[in-house]
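Below: the structure, in structure tokens.
The values are calculated or read from the model by the stated rules, or taken from the named source; none is laboratory data. What you see is a predicted model; the values in this text were computed from it and never measured. Note: ideal-geometry Cβ built from the backbone for every residue, glycine included; neighbour counts use all protein chains shown.
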Amino acid sequence: MAYKDPLQIERLIDSLARDGSDFYIHLDKKIDISAFSYLSETDNIHFIQRRIKVNWGGYGLTAAILSSFREILDKGIPYEFVSVMSGQDYPISPVDCFYSFLENNTGKNFIYYKDPGEEWWSHAVTRVNKYHMTNFGFRGRYCIQFMINRILPKRKFPLPYRLYGGPCATFMTLGLDCVKYITEFMESNNRIRRFSQYTWGTDEFLITTLIMNSPFKDSVINNNLYYIDWSGGGSNPKIFTIGDFEDLRTSGKFLARKFDLRVDAAVLDKLDQANQANRPAKPGSAGQSVKRERVNQQ
């Protein structure tokens with residue numbers, strides 16, 4: 001899921017690429033694709049064709065994930081896993097270890113959630129029980145939102161489900177059969193799609209809720225394999241710098257976010273060095289990776 005910095009996305013893909021892996025880029029529909037198009041010159045990189053306009057906090061991000069799921073499924077490739085990532089993620093452990101971990105855990109689904117009784121839900125419940133106009137772009141929408149919430153009763157989730165979610169729930173690694181279930185469920189359920197248009201931050205609870213109320217519940221591991229630092233407060237996680245290197249390396253996670261080349265590229269350089277040095281040796285391999293020539297420099 002991307003909207004900026006093609007060079008950083010290219011670097012992320014280079015760091016993750018292994019035989020049998022493909023990368024699907026959903027670029028926010030508001031963004032000119034021309035600066036990114038060179039990425040598709042590589043066979044294992046594909047752009048999602050049905051692009052969605054994404055407003056921060058709106059349903060658009062969830063819709064974009066679902067649109068991406070559908071195009072991946074339509075490829076007919078029998079992937080073992082689909083990982084939802086952003087363009088500001090990066091591996092913080094050797095990627096071969098990540099792939100080996102997944103190979104040893106086929107049939108499981110790695111998500112992040114907090115139970116309905118946990119503190120996060122004390123404020124997050126307003127995402128569901130109030131009307132939100134975040135997904136729309138017309139002027140005066142927040143005045144209308146305010147008036148609607150004063151007049152109308154609280155909303156109720158349209159399914160008899162317990163709600164699950166959390167501040168890191170957007171990012172997940174799912175088995176293909178679970179991806180198929182979620183995609184088909186949403187495509188066939190107009191009621192839940194209409195309801196979601198007027199919620200806030202569905203990417204942090206909707207897919208997780210559907211999984212935890214589905215036959216896939218018993219296959220769930222409540223660990224999305226990400227290290228994300230919310231210690232600074234506010235609505236965005238910390239952007240990592242070189243000063244966070246030891247915390248990243250000792251987190252026990254495979255992936256982390258957020259990184260920004262324009263803020264600190266040195267932390268990515270040091271992670272690359274550490275990941276390469278700790279990469280498991282393979283018989284007959286010199287442990288070298290070949291990077292594509294970077295073009296379209298900015």
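Yes or no, residue by residue, for (1) farther than 14 Å from Arg193 by Cβ; (2) touching a helix residue (DSSP H, G or I) at 6+ places or on another chain (Cβ under 6 Å); (3) among the aromatic types (Phe, Trp, Tyr):
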| residue | (1), (2), (3) |
| --- | --- |
| Ile52 | no, yes, no |
| Gly57 | yes, no, no |
| Phe81 | yes, yes, yes |
| Asp89 | yes, no, no |
task: Can you work out which of the residues in the range 84-114 that are of a type in the set (Gly, Ala, Ser) and surrounded by fewer than 20 Cβ atoms within 10 Å (Cβ to Cβ) is nearest to Arg257 (Cα to Cα)?
output: Ser86
The range 122-135, residues that are out of contact with any Phe, Trp or Tyr (no Cβ under 9 Å at 6 or more places or on another chain) and touching a residue at least 24 places away in the same chain (Cβ under 8 Å): Val125
query: Residues in the range 121-134: is at least one surrounded by 15 or more Cβ atoms within 10 Å (Cβ to Cβ) and closer than 24 Å to Ser219 by Cα?
result: yes
- prompt: So is Leu66 within 21 Å of Val179 (Cβ to Cβ) and either assigned to a loop (DSSP other than H, G, I, E, B) or not β-branched (Val, Ile, Thr) (or both) or not?
  reply: yes
statement: Here the residues within the range 229-248 that are surrounded by 12 or more Cβ atoms within 10 Å (Cβ to Cβ) and either part of a loop (DSSP other than H, G, I, E, B) or within 20 Å of the chain's Cα centre (by Cα) (or both) are Asp229, Trp230, Pro237, Lys238, Ile239, Phe240, Thr241, Leu248
message: Which pairs turn up if I take residues in the range 141-162 that are within 14 Å of Thr126 (Cβ to Cβ) and look for partners that are in a helix (DSSP H, G or I) and among the hydrophobic types (A, V, I, L, M, F, W, C) with beta carbon separation below 7 Å, at least 6 apart in sequence or on another chain?
response: Arg155/Val128; Phe157/Val128
- prompt: So how many residues does the range 249-261 have that are surrounded by fewer than 16 Cβ atoms within 10 Å (Cβ to Cβ) and under 21 Å from the mean Cα position of the chain (by Cα)?
  reply: 2
query: Looking at (1) farther than 30 Å from Tyr142 by Cβ; (2) out of contact with any helix residue (DSSP H, G or I) (no Cβ under 7 Å at 6 or more places or on another chain); (3) at pLDDT 95 or above, which is the only condition Tyr227 fails?
result: (2)
statement: Result of the Cβ filter at 8 Å on the range 176-194, keeping first residues that are without any contact (Cβ under 8 Å) to a residue 40 or more places away in the chain and within 17 Å of Lys75 (Cα to Cα) and partners that are surrounded by 15 or more Cβ atoms within 10 Å (Cβ to Cβ) and not hydrophobic (A, V, I, L, M, F, W, C), at least 6 apart or interchain, is Tyr181/Ser214
message: Is it the case, given these coordinates, that Leu255 is free of Cβ contacts under 8 Å to residues at least 60 places away in the same chain, under 20 Å from Phe171 (Cβ atoms) and out of contact with any Cys (no Cβ under 7 Å at 6 or more places or on another chain)?
response: no
message: Looking for something among the β-branched types (Val, Ile, Thr) and part of a strand (DSSP E or B) - is there at least one such residue anywhere in the range 85-102?
response: no
message: Condition (residue is surrounded by 16 or more Cβ atoms within 10 Å (Cβ to Cβ), of a type outside the set (A, V, I, L, M, F, W, C) and either within 19 Å of the chain's Cα centre (by Cα) or not in a loop (DSSP other than H, G, I, E, B) (or both)) applied to the range 33-49: is it met by at least one residue?
response: yes
message: Criterion first (assigned to a helix (DSSP H, G or I), out of contact with any Pro (no Cβ under 6 Å at 6 or more places or on another chain), among the hydrophobic types (A, V, I, L, M, F, W, C) and over 30 Å from Thr106 (Cβ atoms)) does Phe195 satisfy it?
response: no
